[in-house]
Amino acid sequence: MSARVRLASRRDFLSGVFSAGALVLGARFLPADAAEAESSLDVTKMTWNPSVWVGLNHDGSVVIVSHRSEMGTGIRTSLPMVLADEMEADWARVRVEQAVGSDKYGSQDTDGSCSIRDFSETMREAGATARTLLVNAAAARWQVPLDECQGLNHQVLHKKSGRKLGYGELAEAASKQPLPHNSTIQLKKPSEFRYIGKGVPGVDLKDVCTGRAVYGFDVQVPGMVYASIERAPVLGGALRSFDDSQTKLVKGVEQTVTIDHAKPPYGFQALGGIAVIASNTWAAAQGRKKLKAEWDLGPNAIVQTESYKRDLIETASKPQKVVRKAGDVEAGLAGAAKTLEATYYTPLLAHASMEPPAAVAMYREGKVEAWAATQSPQDVQKTVAEALGLKPEDVTCHVTLLGGAFGRKSKPDYVAEAAILSKKVGKPVKISWTREEDIHFDFYHSTSAMYFKAGLDAGGKPVAWLQRSVFPPIGSTFDGKSVYGDDGEMGMGWTDVPFDIANFQAENGPAKPHVRIGWLRSVANVYHAFGVQCFVDELAQAAGKDPVEYWLATLGPARKLDFKGQVQKFTNYGKPVDQYPFDTARLQRVAEAAAERSGWANKRANKRAVGFAAHHSFLTYVAAVAEIDIDANGKVRIPRVDIAVDCGPVINPDRVKAQFEGASVFGASIALLGEITVADGRVREGNFDKYPVARMNDAPRETHVHLVPTEDALPTGAGEPGVPPMAPAIYNAVFAATGKRLRELPLRKQKLA
């Protein structure tokens, strides 16, 4: 696909934002053959609708549209910043507007660490086109050659005479310029960047710090009512009967309304249940406590975490479906001087973002208007439309700021609840989940059992490696027959293990889910990196080698991997391998940088407990060194973490560093604390007392992020790749401290003292 820019009408952009004659630009994705068409091409008649990014008013003010959701990553700043840089716009005169859900923006799904990767080039081209049109307008007014004019700091300069025209003065004239051909649009050289690679203050920073920022929980709509929903305690349960007589006596309660229970495959459906509708949140919650409901709990009511875990481990112990094969692993193991085996286990995890799901919806005359803390407004449109029998274009979704998300808020079941109830009660309805609801009814990160077996030669080098992974897949949420991981999940640290081992075999076993499974920050990389990176540490110990030196030797010589002939489909996070090759030299560089910057060798020599792990995910290369202490009670402290990162050229350094600092805390939560368990089909955990997240005394005291950019590469992701190496680095440090090899998450369930 290629980015293309067009002139657009004022109405196409944001009604009321611009005055008549303002310059309004848009960008679109076109098929490759159409991208080379003449500028007279009528893009409005093509398959993709135009999507508008930037406008300029007569007063010189610039509005840039952010089509991705802001949940702490800084993307509402970083993408507009890229456009402003190429436009030569003064950032002080830029205002960022949040886009509503619309297919004209391309994908708005803020998942997969792909916003910069997928749209930075589009934003650059849009900004450069705006600058070109303004320069063309100035040259025409002055009647001078184009090459004598330059867009610079919100104005056009005539270099020979020193004359200047502000962007606002040129807005109307620029809006009448013909669209320049792509070949005439000059992108800046890196040496010319004003913001890219340097960063600017976050556009939401002041509002967030002063309490003025609007999150999902903050939305207020005139005439709205509040809903609290009693749902079946077990996935697959259905309402048998209920008594709401006491509920209706609670002051403020207006009525109760039932929502049909969801049927598998669940997708993003509202789960169903009994909604208490009230004039305020407190009344709705108190009324719900008075409900008396009886449920048919369904087949999942027999599920127990302990037996389910045993079944996963048992499956992993037996031969399964081969998903990657190189050489002859059986022969390699048979001829090895030494073999090692290990089984690793990770539990279900909840997202537990600080702001639970929240939305407001208003149904009126066959259309819905929604306000939601969502990562995917287009999925809101589709899900609400399916729930109410509408077309997606009949649903308008306004996107608020998100108080954290980690993947949970790309699944808009909670918005569907609000929309269904609004249609039933004839008023706008606000849904705001409690912490207990958020943890009880999540789309959980999958549990996993992994089996490993390796054969070493006389010098301790691995000559054969066998691994099996068993987990209920994300696909089961959308296809009730899905029990195996798909190519994408397999390509997250399993079929793409980069070690230079002649005989390598990866397998995947079936697992049926009993809860909704969804993606969580870094997805299958969480458990695959934990197993692989801890097991290679085990091999280093068996070989009597330094873990970093052993890891680098096992990685082997610098090469670019595509796994042809070994993997049926290498998904490469949806990107072409020729543009985004898996380059082991880059992985080696971050490993060496993390070891050097952390003082690995000195700390090992001084008997400090340090652990190492390195992992490639979302096309980004990351290595981590964790240093730990263990007190007399077995409490693990993490005084320091060093993370080395290569995500290509860095767009916004402060935001990249912040993402990896956050990943160190998130990863520490996974390693030390997080676990969802089930008894009789019901999730046991309900709040932070039973599902703790890392607080100050658990989080790494210091996190040092070391950027190791490959400048001639394409930019990649930063939101998720810091998470996978954290847990194995911590566990490898625990082994260094105790000599005990622990193979299950989390640490809080295991004795170290």
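Return one quarter of the surface area of the convex hull spanned by the alpha-carbon atoms of region 503-577, equal to its mean projected area, in nm².
Numbers: hull surface 30.3 nm².
The directionally averaged projection comes out at 7.6 nm².
Counting other Cβ atoms within 10 Å, keep those with at most 11, restrict to DSSP loop, and tell me which trypsin sites (Lys or Arg not before Pro) in region 467-554 are left. If you can, show how the numbers build up before the last one.
Working: sites: ARG468, LYS481, ARG516, ARG521, LYS545; in loops: LYS481, ARG516, ARG521, LYS545.
Those satisfying the criteria are LYS481.
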Nonlocal amide H pairs with LEU348, under 5 Å, H built at 1.01 Å: THR447, ILE676
Greater than 18 Å apart at Cα, pairs in LYS635/LYS751; LYS309/LYS512; LYS575/LYS657; LYS318/LYS453; LYS290/LYS424; LYS545/LYS751: LYS575/LYS657; LYS290/LYS424; LYS545/LYS751
Cross-link partners of LYS164 among lysines (Cα-Cα below 28 Å; sequence separation of 8 or more within a chain): LYS176, LYS188, LYS189, LYS198
Proximal lysines to LYS690, defined as alpha-carbon separation beneath 17 angstrom and excluding residues fewer than eight positions away on the same chain: LYS749
Proximal lysines relative to LYS427, as straight alpha-carbon distance under 22 Å, when same-chain residues fewer than 8 apart are discounted: LYS248, LYS251, LYS367, LYS382, LYS391
Cα-based shape type of region 580-700, given that a ≥ b ≥ c are square roots of the gyration tensor eigenvalues and the cut on a/c is 1.5: oblate
Percent RCO, i.e. relative contact order, over region 518-675, from Cα pairs under 8 Å lying at least 6 residues apart: 16 percent
HN-Hα J in Hz across region 339-345 - Karplus 6.51, -1.76, 1.60, θ = phi - 60°, x for Gly and Pro: 10, 10, 10, 7, 10, 10, 9
Length-normalised contact order for the chain - Cα pairs under 8 Å, 6+ apart - percent: 13 percent
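Throughout, read-outs are computed from the coordinates displayed, never taken from laboratory work. On a predicted model such as this, the values are computed, not experimentally measured, just so you know. Every residue, glycine as well, gets a Cβ built from its backbone with ideal geometry; the counts of neighbours run over all protein chains shown.
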